[in-house]
1. Report, for the chain, the % of DSSP beta bridges that are antiparallel, rounded to 5.
2. Charges on Cβ only, +1 for Lys and Arg, -1 for Asp and Glu, centred on the Cα centroid of the stretch 252-378; of 317, 285, 362, which one is farthest towards the dipole's positive end?
3. Give me the tail of P(r) for the chain as a percent: Cα-Cα pairs with distance above 39 Å.
4. Just how large is the dipole of the stretch 191-345 about the Cα centre, in debye to the nearest 20, putting +1 at every Lys and Arg Cβ and -1 at every Asp and Glu Cβ?
5. If I take R0 = 45 Å and measure r between the Cβ atoms of residue 27 and residue 358 in this structure, what FRET efficiency does the formula 1/(1 + (r/R0)^6) give, to the nearest 0.05?
6. To the nearest µm²/s, what D does Stokes-Einstein give for the stretch 250-378 at 20 °C and 1.002 mPa s, using the Kirkwood radius over alpha carbon pairs as Rh?
7. My understanding is that a pair violates if its Cα-Cα distance is over 29 Å; which of 97/312; 258/312; 28/165; 97/202 do that in this structure?
8. Return the sequence-ordered ³J(HN,Hα) values of the stretch 345-350 in whole Hz as given by the Karplus equation 6.51 cos²θ - 1.76 cosθ + 1.60 applied to θ = phi - 60°, using x for Gly and Pro.
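What follows draws every value from the coordinates through simple rules; no lab data is involved. If you're wondering where the values come from, they're calculated on a predicted model, not measured in any experiment. When we count neighbours, we look across all protein chains shown, and the Cβ atoms used for this are built from the backbone with ideal geometry, even at glycine.
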Amino acid sequence: MLERIPFNRQNLFGPEIRYIEDAYLRNKVSGDGFYTHWCQSFLEEKFGFEKVLLTTSGTHAIEMAMLLIDIGPGDEVIMPSYTFVSTANAVVLRGAKPVFVDIRPDTQNIDETLIEEAITSRTKAIMPVHYAGVSCEMDLIMDIAQRHHLSVVEDAAQGINAEYKGKYLGGIGHLGCYSFHETKNISMGEGGALIINDPTLKARAEIIREKGTNRSKFYRGELDKYSWVDIGSSFLPSDINAAVLKAQLEHLDEIQTKRNVLYQRYYNSLSGTEAHSITLPVVPNSIVSNAHMFYLLLDSLEQRDSFISYMKSKNILVVFHYVPLHSSNFAHQHLNKYHLPTTVENAQKLVRLPIFFSLTEGDQKRIIDEVQFFFTNN
Ligand SMILES: *Cc1c(COP(=O)(O)O)cnc(C)c1O
């Protein structure tokens, strides 16, 4: 049997352990130390963001965003059902209600033409999720939000370094959320970042992230003591994790170049297989993807099941993705009923191929050969 090809693999770039050691030598391994500040400044400068705060996860960045825009009982937040559970949980945790909108069949992103009819007098925000690091139709979404006085929080958990009309994802809405989970392009194990584009939210974001205290101001010497001033929690990661993130961010361009090569090789090699019932991912004009994911849309759930089994028999791990949130047990018990045909259909047809920094050309060719074999013989 040929060696197993995992779905994802971590990569150490070299200086990670030395940076962790250095954090100890600096005698500051809790939050907001040297490495946290380095990473925040790097993201602000590289992407031209107003303000970035590292968080303990992408999930926590979204929860902070909901606190910052004062989501509360009775409020509604519009989002796709085809997303990770954290997008919706952040809303439910505030006693508010996620409202699900169907996705576009091409990008798996929220269908911008269906957003306006989902708005009610209770709607407070829209949360576009940039699936696979391919941007939602942000001009339209920002325009709808402006006309209805809504906040826009981008779930850009998968979107680092990706662009929409020359702007980096996460930097377009009022707030943006990144994830540095091990499955994402850039990883610190568990971690994330909140991007604050609306300057009026900056001061409160620091307070909410520091347990509702003004400790950040105190550390900067702007106060002689700190105290409890607002609600909040502990959303700041240890500087040990930030040390790992620094090493990864230093290789951002290299990681992105490699992922783009892998993406293009999949795309070019599998284009010919389209005749055999595979649909390849679509990146609309004026959008630059970050090659976070390479997925195929197959004909049916049955075909996908047999494809996943076939690849497994060849020791290659390919995986499906979200179970739509509106069809979850939680939603059945607590939320409205929805009819979201594209979400249901594509969730059953979508399968993701391995794409990670250390995937070799040889292993990728092995994957491509098996995909082609399956679809020309089935
Ligand atoms: C990964 C992800 C999250 C959660 O990020 P964590 O860092 O794992 O908490 C949220 N939303 C989307 C769309 C994601 O892909």
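1. Roughly 60 percent of the beta bridges in the chain run antiparallel, per DSSP.
2. 317
3. Roughly 18 percent, rounded to a whole number.
4. Computed about the Cα centre, the dipole is about 320 debye.
5. So the FRET efficiency works out to roughly 0.85.
6. 132 µm²/s
7. Check vs 29 Å cut-off fails for 97/312; 28/165.
8. Whole-Hz 3J(HN,Hα) from phi for the stretch 345-350: 5, 5, 4, 7, 9, 7.
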